[in-house]
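Visitor: Sharing a structure below in structure tokens format, with a few things to ask.
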Amino acid sequence: MKVLFMGTPEFAIPSLKAILSSNHELVGVVTQPDRLGARGKKIIYSPVKTFALENNIKLFQFEKINAEVDVIRELNADIGVTAAYGQILSTALIDSFENGIINIHASILPKYRGASPVQCALLNGEKELGVSIMQTVKEVDAGDVWAISKYNPDPLANASECLDELALLGGELLVKVLNEIESGNKRPVKQDATKATFCKKIEKEDGFIDFNEKAQNIVNKIRAYTPWPSVYFNSRYGRIKLLKAKVADIEGAGHSPGQVLEATKKGLIVACLNGAIEVLFMQGENARPMKATDFLLGKPFEKGEIINN
């Protein structure tokens, strides 16, 4: 089949590579317009644009893709594929493809519809993650599902690490689905809307740690919000990010939430509402990420002090 691919971030690259390695024909790639860097000077290309340029793939960047239906039709693609593209698609655009558009979504649908499925799943302590390929409809992530691939992440893996794994699974699954659509031997399965859950919008302020939470909930939060918006607390050294942590093998009962129980060569252990967390990696302001044991050599905490007040 002739395929038009629409994607923007790094998550989309394995699927793009999978199409190129398949028997299907990639007729072009659509990605979001370029953006300015943090200081507003340097133009930043999306990972998908960079890949397309490096591989001499026909590239399109539309401010509003729904206004470009005629341009899309001229490509004569049999099907569209989206992977974190970043724009809502109109019914007219979807219908411009003979086989419609399929989307690669990083959750086990119908759970975690929306823009932050991996973060929400980790925040809720899910043991199993997955990627779904569904038929695109106007309602967000509500289309019939062609296939799902699941895996069990490392208990301390963060959102970025999990997305990398899911991107690879999505690429493998995509080619299988394209083959099945071309053969006409399989039909997608309707989602059970009564089991649908939805992702909340993540705000930068969500990363602030409240040690009045359970230890496991804080660990989940660190996994979900790393690398963005990051999880942090305020200290005499300024804002400190916690990049990786686990539930400590020490009882936090009888201590105040936020109280330092250990701050030695063994690491940093902080009491929570119940139990405690052991910080494994952390990062100070304008500093590089480092092991907690190395961080404490230059910026020590006192046993018994309360942080984040």
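Visitor: If you take just the strands (runs of 3 or more DSSP E) that sit entirely in the stretch 248-289, which of them hold at least 1 residues that are more than 17 Å from Ser230 (Cβ to Cβ), without any contact (Cβ under 8 Å) to a residue 40 or more places away in the chain and touching an Asp or Glu at 6+ places or on another chain (Cβ under 6 Å)? Steps first, please.
Guide: Details: elements: 260-264, 267-271, 276-283.
Hits in the stretch 248-289: 267-271.
Visitor: Starting from the stretch 122-139, take each residue that is over 25 Å from Trp228 (Cα atoms) and list its partners that are surrounded by 13 or more Cβ atoms within 10 Å (Cβ to Cβ) and among the acidic types (Asp, Glu), counting only C-beta distances under 9 angstrom and pairs at least six apart or across chains.
Guide: Met134/Asp141; Met134/Asp144; Gln135/Asp144; Val137/Asp144
Visitor: Further question on the same structure: May I ask you to list the residues in the stretch 274-292 that are over 15 Å from Tyr237 (Cα atoms) and either touching a helix residue (DSSP H, G or I) at 6+ places or on another chain (Cβ under 7 Å) or buried (at least 17 other Cβ atoms within 10 Å of the Cβ) (or both)?
Guide: Of everything in the stretch 274-292, those that are over 15 Å from Tyr237 (Cα atoms) and either touching a helix residue (DSSP H, G or I) at 6+ places or on another chain (Cβ under 7 Å) or buried (at least 17 other Cβ atoms within 10 Å of the Cβ) (or both) turn out to be Asn274, Gly275, Ala276, Ile277, Glu278, Val279, Leu280, Phe281.
Visitor: Here are some residues: Ser132, Ser107. Which one is buried (at least 23 other Cβ atoms within 10 Å of the Cβ), in a strand (DSSP E or B) and not aliphatic (A, V, I, L, M)?
Guide: Values: Ser107 fails: in a strand (DSSP E or B).
It is Ser132.
Visitor: While we're here: Among the residues in the stretch 8-20, are any on the phi < 0 side of the Ramachandran plot, assigned to a helix (DSSP H, G or I), aromatic (Phe, Trp, Tyr) and within 17 Å of the chain's Cα centre (by Cα)? Walk me through it before giving the result.
Guide: Quick first cut of the stretch 8-20, residues on the phi < 0 side of the Ramachandran plot only: 8-20.
Keeping just the survivors that are assigned to a helix (DSSP H, G or I) gives 10-20.
Add one more test, that the residue is aromatic (Phe, Trp, Tyr), and what stays is 11.
From what's left, within 17 Å of the chain's Cα centre (by Cα): 11.
Checked the stretch 8-20: at least one residue is on the phi < 0 side of the Ramachandran plot, assigned to a helix (DSSP H, G or I), aromatic (Phe, Trp, Tyr) and within 17 Å of the chain's Cα centre (by Cα).
Visitor: Considering only residues that are touching a Ser or Thr at 6+ places or on another chain (Cβ under 6 Å), closer than 25 Å to Glu180 by Cβ and surrounded by fewer than 16 Cβ atoms within 10 Å (Cβ to Cβ), which ones fall in the stretch 58-86?
Guide: Of everything in the stretch 58-86, just one residue is touching a Ser or Thr at 6+ places or on another chain (Cβ under 6 Å), closer than 25 Å to Glu180 by Cβ and surrounded by fewer than 16 Cβ atoms within 10 Å (Cβ to Cβ), namely Arg73.
Visitor: Let me ask something else about it. For the stretch 231-244, indicate whether the set of residues that are exposed (fewer than 13 other Cβ atoms within 10 Å of the Cβ) and in contact with an Asp or Glu (Cβ under 7 Å, 6 or more places away or on another chain) is non-empty.
Guide: First, the residues of the stretch 231-244 that are exposed (fewer than 13 other Cβ atoms within 10 Å of the Cβ): 236, 238.
Add one more test, that the residue is in contact with an Asp or Glu (Cβ under 7 Å, 6 or more places away or on another chain), and what stays is 238.
Yes, there is a match, as at least one residue in the stretch 231-244 is exposed (fewer than 13 other Cβ atoms within 10 Å of the Cβ) and in contact with an Asp or Glu (Cβ under 7 Å, 6 or more places away or on another chain).
Visitor: Does Asp154 qualify as being within 16 Å of the chain's Cα centre (by Cα) and of a type in the set (Asp, Glu)? Please lay out each step first, then the result.
Guide: On the way: within 16 Å of the chain's Cα centre (by Cα): yes; of a type in the set (Asp, Glu): yes.
Yes.
Visitor: Shifting gears a bit: Applying the selection to the stretch 56-71, what residues are among the hydrophobic types (A, V, I, L, M, F, W, C) and in a helix (DSSP H, G or I)? Step through it out loud before you land on a result.
Guide: Narrowing the stretch 56-71 to residues among the hydrophobic types (A, V, I, L, M, F, W, C): 57, 59-60, 62, 65, 67, 69, 71.
Matches in the stretch 56-71: Ile65, Ala67, Val69, Val71.
Visitor: In the stretch 139-148, is there at least one residue being closer than 30 Å to Val247 by Cβ, under 22 Å from the mean Cα position of the chain (by Cα) and part of a loop (DSSP other than H, G, I, E, B)?
Guide: Checked against the condition, which is being closer than 30 Å to Val247 by Cβ, under 22 Å from the mean Cα position of the chain (by Cα) and part of a loop (DSSP other than H, G, I, E, B), the stretch 139-148 yields no hits at all.
Visitor: Just one of the numbered conditions (1) assigned to a helix (DSSP H, G or I); (2) closer than 30 Å to Ile307 by Cα; (3) modelled with pLDDT of 95 or more is not true of Pro229; which one?
Guide: Of (1) assigned to a helix (DSSP H, G or I); (2) closer than 30 Å to Ile307 by Cα; (3) modelled with pLDDT of 95 or more, only one is false for Pro229: (1).
Visitor: If you don't mind, there's one more thing I want to ask. Give me the residue from the stretch 179-212 that is buried (at least 17 other Cβ atoms within 10 Å of the Cβ) and touching a residue at least 40 places away in the same chain (Cβ under 8 Å) and, out of that set, farthest from the chain's Cα centre (by Cα).
Guide: So, considering only residues that are buried (at least 17 other Cβ atoms within 10 Å of the Cβ) and touching a residue at least 40 places away in the same chain (Cβ under 8 Å), the one farthest from the chain's Cα centre (by Cα) is Ile181.
Visitor: Could you check, for the stretch 61-79, whether at least one of its residues is under 20 Å from the mean Cα position of the chain (by Cα) and either modelled with pLDDT under 95 or assigned by TED's automatic domain parsing to the domain that holds Val140 (or both)? First the steps, then the outcome.
Guide: Pass one, the stretch 61-79, residues under 20 Å from the mean Cα position of the chain (by Cα): none.
For the stretch 61-79, residues under 20 Å from the mean Cα position of the chain (by Cα) and either modelled with pLDDT under 95 or assigned by TED's automatic domain parsing to the domain that holds Val140 (or both): absent.
The values are calculated or read from the model by the stated rules, or taken from the named source; none is laboratory data. Computed from a prediction, not measured in an experiment: that's the story for all the values here. Note that each Cβ is placed from the backbone with ideal geometry, even for glycine, and that neighbours are counted across all protein chains shown.
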